[in-house]
Every structure is written in structure tokens, then in C-alpha cells.
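Quick notes on the structure that follows.
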Amino acid sequence: MTEVGLEDRINTRTRSSDLRITDLRIAKLDGVPMRHTVIRLDTNQGITGWGEVRDQASATFALMLKSRLVGENPCNVEKVFRTIRQFGGHGRQGGGVSGVEMALMDLAGKAYDIPAYMLAGGKYRDRVLVYADTKSQPDPEEMGRVLLERMERGFRMLKMDVGLSLLMDVPGAVIASDAQRARRPKDRPFTMHPFTGVHITRKGVEHLVDYVARVREIIGDEVPVAVDHFGYMDVESAIRLGRGLEPFGLEWLEDLIPWQYTEQWRQITDAVAIPTCTGEDIYLAENFKPLLDRQAIRVAHPDPASAGGILETKRIADLAQTYGVPTALHLAATPIATMACVAIGAASETFYALEHHAADVPEWNGLVTGLPDPIIQDGHIAVPEAPGLGFGDIDEDAFKAALDPRDPVFFAETSAWDDEASYDRQWG
């Protein structure tokens, strides 16, 4: 009988204990579905790790980490993450740390020849449910037709926008100052909801209720539909609208107000018989705890590209589970961050569904190799068994075709960031 040695059981293409990060480079893409920065971590053993900065975030959030990463062993995922987590923050500011963590998990999985979900604890499911986010249409008939087309393509869950954007041109639907009405939409996000002075009237609520009723008539009552992008309005308007929408069996009401206002979230959750949902801009599991402690939301909704990456988002799901709260994943990304989310969905017992923003971007599937085409089939993504994030490689031609015309960076050298440093200790 031939003796089986240790090296017959492991991947000998790499020596994980000797693996070191040698470089960090980026590519900037646009329109797939939004503006994205893809991270590439190179190593001394020729294997590459892929990650992705949060959509529409600055690439600087990733580049500034290079000097803290070169020379580190990417298999020390937790150690490296704890070193760089201080450079992340809420919203898009978490994108650099989160994207690097994805790349670390990709590298560690490739070094050990196992999929990333195994590094996150194992697998609860063989495929993850995907919900299609869909841009709002002013006409409910058109909105219903677009959603119906999604269903015909196999999507089993949907999301649509219902809010102030549908009301501003409806006479008597909104109470708002001339300044608020005149303000450019891109300026509104910089005034938090409670401070805009914008309210929905009874007529406005009735208009949106009629809108959702007509959409439900077209798509039926059985398909799960979540609702988002309500606009920058006060808590009382959110409650009135939420109560009006109760008959339609919606999956959740998302981001009605900023996540920071725990007590206002609790007030909405107590008042409305539709699940409430927030969390896409929260960085780190510890910052979900106030909402969970107060039972202020019914669905936790982290974006792994802001929350801290794969393992930190898994911690959020595990934490939420102890409060009886399921976890869905927010995401607008290329297949790279999408496959990181698939690993989380596979490894999290109470995972619900993963957001997909690129249902209308046919070139999205071709950005990477080694996955089914299309990647989403029957409304699900199959959990890959290949090492790391589970895809083969990027398709360079597809990447080059999608480069951001404003700054078409394609993994150019980043030596300018080699010596960027500071005295990083956070205590005296």
C-alpha cells in the first residue's frame, strides 16, 4: 500500500507560509453597472487576488492601503484586516478595506486550494437567490412591464423604487420649499432626511398606493418585491406611506431614513406592518448592534463592499441571527464583488437574497471567465467550488472595453503609493 503524505493532500503550487503580497494595482470601469474600481493583489508566487471597491467610491481608499499590505502574507486574513480596518469608514469610505479583504480571501483560497466560503465556515446552500433591482418608471404600467420581463427571464425576487421621484410633478402631492424643489437631485443626498423639510401629503400617499397597486395587478401577488429610494422626507411621512403600502405584501421598505437614527427606525418599525430594512452604508458588525439591540429593523442589509468584506459581513449575518433578523446583501458591482457575496450567502445560515444591479448590462457576464454564462440562472447564482472567489480570471478585452473614459486606468503601476505612511497607532 502506497503511503499518502501530507504534500499529496495539499496544493503544492504555492507555499502558503511563504506567500507575500508584492503589489496592489487597480482598474477603473464604468457602466458595469456603475463606476467601479477593481483591485488586483499580486504575490511572490504568481497567484493573484481580486477584489472590488464599493461602487462610485474613490480609488484612493484602496491605493492608500498599498504600503500597509506589501510584504504581508495574505493568508493571515484576520491579522491584515485588523491592521487596515482603521482606514475604513461608513458608506463608500469602507470600500478600500472591504475590497482588499475580498482579495485577501481570494488569495488565501487559492493558496489552500479551497473556495472562499470554506474559509468563512462552510456551506449552507448550493446556490444563492438574486433579486433584480429595477430603475423607477414614472408610469406604473411601464414599471409593471419591466418587472414582468425580469420574471420572464427567471428572476424570483424583484426590487423597485417608490418615492418622491414619482411625486414632484404631481400637484398637491409634496410639501417642500422652493429651494428643495429647485435643488438638483445630485445635491439632495448631502442633506439628511429629517432636515429637508419635505413631507408627503395625503394625495401623495394615495398616488403612490395607486402606483404600487397597479404594478401588483400586472406582476401578481406572489413574487417577492422590495421597495427602495423613497427620498429625503421625514419620519411621519415614511410612516404614513408605509401604512398605505401594507396591503401589497412587500418584502421590505429600504432606507426610509439614515441608518444612524436608531430610535426613529424603531418608531417606523413599530408603526408599519411591512419589514424595515437598512445597513448598506454601515461599516463593521459592531455598528449594526444599536439597530439590533433596539429591534429597530426587520432585515439587516449590509453591502460587503462597505461593511468590511467577506468575513466581517458574515459576522453581521451571525450577529443579526441572534436577534431573529435575517440578512440580505446590498450590492451594485461587477462579478468580482458579486462572487464574494455568493461566498457570504453560501456560508451564512440566515442569508436571504443578494442584490443585482446589472440586469440590463449584457456585457456584465463576460467580465470574468470560468463561470456559467449567464452567471445568474433561474434567479440564482450557483456557488462555485473553484478556489478563492470561484471564477477563473478577468477577461482583459472586456475590461478594456469597459474602462472609465474619464480615467481609463488598467492596472498601471502604483509605485507612487509605495511609501505612503503615517504613524497609524490609534492610542497615545
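The values are calculated or read from the model by the stated rules, or taken from the named source; none is laboratory data. In this text, all values refer to a predicted model and were calculated from it rather than measured experimentally. Cβ sites come from the backbone with ideal geometry, for glycine too, and all protein chains shown count toward neighbours. With ligands, DNA and RNA removed, areas are computed over all heavy atoms of the protein, side chains included. Shrake-Rupley method; radii C 1.70, N 1.55, O 1.52, S 1.80 Å.
Observations on the structure shown:
- Taken over the range 127-167, the residue count meeting the criterion of being in contact (Cβ under 8 Å) with a residue 24 or more places away in the chain, assigned to a loop (DSSP other than H, G, I, E, B) and among the polar types (S, T, N, Q) is 1.
- Residue list for the range 337-379, filter: part of a strand (DSSP E or B) and open to solvent by 30 Å² or more (accessible area, probe 1.4 Å): TYR352, GLN377
- Verdict on GLY96 being more than 20 Å from the chain's Cα centre (by Cα) and surrounded by 20 or more Cβ atoms within 10 Å (Cβ to Cβ): no
- Given (1) at pLDDT 95 or above; (2) of a type outside the set (S, T, N, Q); (3) open to solvent by 70 Å² or more (accessible area, probe 1.4 Å), index of the condition LYS135 fails: (1)
- Test for ALA386: is it within 18 Å of the chain's Cα centre (by Cα), at pLDDT 95 or above, surrounded by 14 or more Cβ atoms within 10 Å (Cβ to Cβ) and in a loop (DSSP other than H, G, I, E, B): no
- Filtered residue count, the range 104-132, keeping only those that are closer than 27 Å to ASP360 by Cα, surrounded by 24 or more Cβ atoms within 10 Å (Cβ to Cβ) and more than 15 Å from the chain's Cα centre (by Cα): 0
- Where a residue in the range 96-108 is closer than 14 Å to GLU78 by Cβ and its partner, wherever it lies, is open to solvent by 10 Å² or more (accessible area, probe 1.4 Å) and at pLDDT below 95, with Cβ under 9 Å and at least six apart: ALA108/SER16
- Residues in the range 143-159 that are surrounded by 19 or more Cβ atoms within 10 Å (Cβ to Cβ) and either within 17 Å of LEU354 (Cβ to Cβ) or out of contact with any helix residue (DSSP H, G or I) (no Cβ under 6 Å at 6 or more places or on another chain) (or both): VAL146, ARG150, PHE155, MET157, LEU158, LYS159.
- Subset of the range 308-335 [touching a Lys or Arg at 6+ places or on another chain (Cβ under 9 Å) and among the hydrophobic types (A, V, I, L, M, F, W, C)]: LEU319, VAL325, ALA332, ALA333
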